[in-house]
1. Within the range 97-118, which residues are aliphatic (A, V, I, L, M) and surrounded by fewer than 16 Cβ atoms within 10 Å (Cβ to Cβ)?
2. Test residue 186 against the criterion of being in a loop (DSSP other than H, G, I, E, B), assigned by TED's automatic domain parsing to the domain that holds residue 235 and either basic (Lys, Arg) or modelled with pLDDT of 95 or more (or both), and give yes or no.
3. Take the residues in the range 310-323 that are farther than 14 Å from residue 261 by Cβ and in contact with a Phe, Trp or Tyr (Cβ under 9 Å, 6 or more places away or on another chain), then tell me which one is surrounded by the fewest Cβ atoms within 10 Å (Cβ to Cβ).
4. Does at least one position in the range 199-218 carry a residue that is assigned to a helix (DSSP H, G or I), surrounded by fewer than 23 Cβ atoms within 10 Å (Cβ to Cβ), outside the structural domain of residue 433 (by TED's automatic domain parsing) and not hydrophobic (A, V, I, L, M, F, W, C)?
5. Of all residues in the range 284-311 being among the aromatic types (Phe, Trp, Tyr) and outside any loop (DSSP other than H, G, I, E, B), which is farthest from the chain's Cα centre (by Cα)?
6. How about the range 269-283: which of its residues are touching a helix residue (DSSP H, G or I) at 6+ places or on another chain (Cβ under 9 Å), modelled with pLDDT of 95 or more, surrounded by fewer than 24 Cβ atoms within 10 Å (Cβ to Cβ) and not acidic (Asp, Glu)?
7. Inside the range 1-91, counting only helices (runs of 4 or more DSSP H) that do not spill past its ends, which hold 2 or more residues that are at positive phi?
8. Could you figure out which of (1) more than 20 Å from residue 368 (Cα to Cα); (2) touching a strand residue (DSSP E or B) at 6+ places or on another chain (Cβ under 9 Å) isn't true of residue 412?
Amino acid sequence: MTKLTCFKAYDIRGKLGTELNEEIAYKIGRAYGQIYQPKTVAIGCDIRLSSEELKQATIRGLNDAGVNVLDLGMTGTEEVYFAAFHLDVQGGIEVTASHNPMDYNGMKLVRENARPISADTGLKEIQALAESGQFLEVSQKGHTEKYNILPEFIDHLMTYIDPAKIRPMKLVMNAGNGAAGHVVDALEQKFQQLQIPVEFVKIHNEADGNFPNGIPNPILVENRDSTRDAVIQHGADMGIAWDGDFDRCFLFDEKGQFIEGYYIVGLLAQAFLLKQSGEKIVHDPRLVWNTLDVVEQYQGITVQSKSGHAFIKDVMREHNAAYGGEMSAHHYFRDFAYCDSGMIPWLLAMAVLSETGKSLSSLVEEMIAKFPCSGEINFKVADTQATIQKLFDHYADQKPEIDQTDGVSLNFGSWRFNVRASNTEPLLRLNIESRRDHNPRPMQDYVDELTQLIQGEA
């Protein structure tokens, strides 16, 4: 029995050829079909050069397990999620490696009503069956038909804004040569039909699996220049950039400044609590103080969850939360079947700009001043657990408050940090924040101190 290494905590991700290929994709489709026995599954793929072939192999596996398939073509992940709860289907699969290197690909899987399939909720069973290859023959194979989900998806997105309240503005849209471009085009057309006075400045809008402008992942500092420059050049009110499968969007203010996803969580929490106080807001443990402050200010209730889409969605469902946000730019919405969307956040941000008459910078700058943060810093290390232990040992005498919801968080009162190992790479991910009202040291001091510790220089 071949051990499959592409199964991660909440999705499938692996190196092409060795960890993921058409044969493995077929087995995953076959196992999904045999375990869940859905009547119909919606499937789409991003624009990576290997995605279409892997999608077709997965479809063959599903069909051979007796499952009918709606092939959505080239889509972002959230279009598959939308299909899974909007159409009469019992599951969805998106073939994508999101922001991973060129030689990777993967899958995100959901069940009926777009319920996530993670290691805790079925992914291990799919892995075990795909590894054993003990597939049952079915009396009738499934069939496949193509389906265009885009018109219905656009109609749903428009429910998050009131067209009459949108003030004139200019937006830079950077699809990064990923899957977002076709949705941007369709929204632009819809805005024109409804005479919404918003001008789209589109850059890198064409889908291209060669990624001529690099793999789109604006969480990396080096990937932000094109959006920032376009915002400044065109005098735009806001810049929006997406990753490859556009389940994450990243916002830039009118000065071209990148806004850390952490503060967007606060902004969107505020938007929901202004509509309805007392709602529950789910957040991850990486950066927390601003979210706790905003939610308390607007009479909401915070719930902490482990990072990762499958975990956040489960916690949101459990608590009937209106919104969940991660500082990694994943945002989840109850009205979107608790799924993450890279389109809803910027639409809500646009609505807030319109309703308040304020600039994006003025809406977030107070949050940033009260709770400065480092942004996520990645370190390549030989042994993630040994490095984390070293941090524990170093700070033990300061007796920090320790939280191990996800990785390790150490809280010293005036500052805190969270460090966790990547699910897919030999990386440590570090986040640091401080409280202005507790007279912290400059943020760079904390960054330097932890960098030296992690890299073994202290």
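The values are calculated or read from the model by the stated rules, or taken from the named source; none is laboratory data. All values reported here derive from a predicted model rather than from experimental measurement. Quick reminder, even Gly has a Cβ in these numbers, built from the backbone with ideal geometry, and neighbours come from all protein chains shown.
1. Residues of the range 97-118 that are aliphatic (A, V, I, L, M), as a first pass: 97, 102, 107, 109-110, 114, 117.
Selection gives 102 alone.
2. Working: in a loop (DSSP other than H, G, I, E, B): no; assigned by TED's automatic domain parsing to the domain that holds residue 235: yes; either basic (Lys, Arg) or modelled with pLDDT of 95 or more (or both): yes.
No, not satisfied.
3. Within the range 310-323, the match that is surrounded by the fewest Cβ atoms within 10 Å (Cβ to Cβ) is 317.
4. At the first step, the residues of the range 199-218 found to be assigned to a helix (DSSP H, G or I) are none.
For the range 199-218, residues assigned to a helix (DSSP H, G or I), surrounded by fewer than 23 Cβ atoms within 10 Å (Cβ to Cβ), outside the structural domain of residue 433 (by TED's automatic domain parsing) and not hydrophobic (A, V, I, L, M, F, W, C): absent.
5. For the range 284-311, the residue satisfying everything is 289.
6. The answer is 280, and nothing else.
7. Numbers: elements: 22-36, 51-64, 77-86.
Answer list for the range 1-91: none.
8. All conditions pass for residue 412, except number (1).
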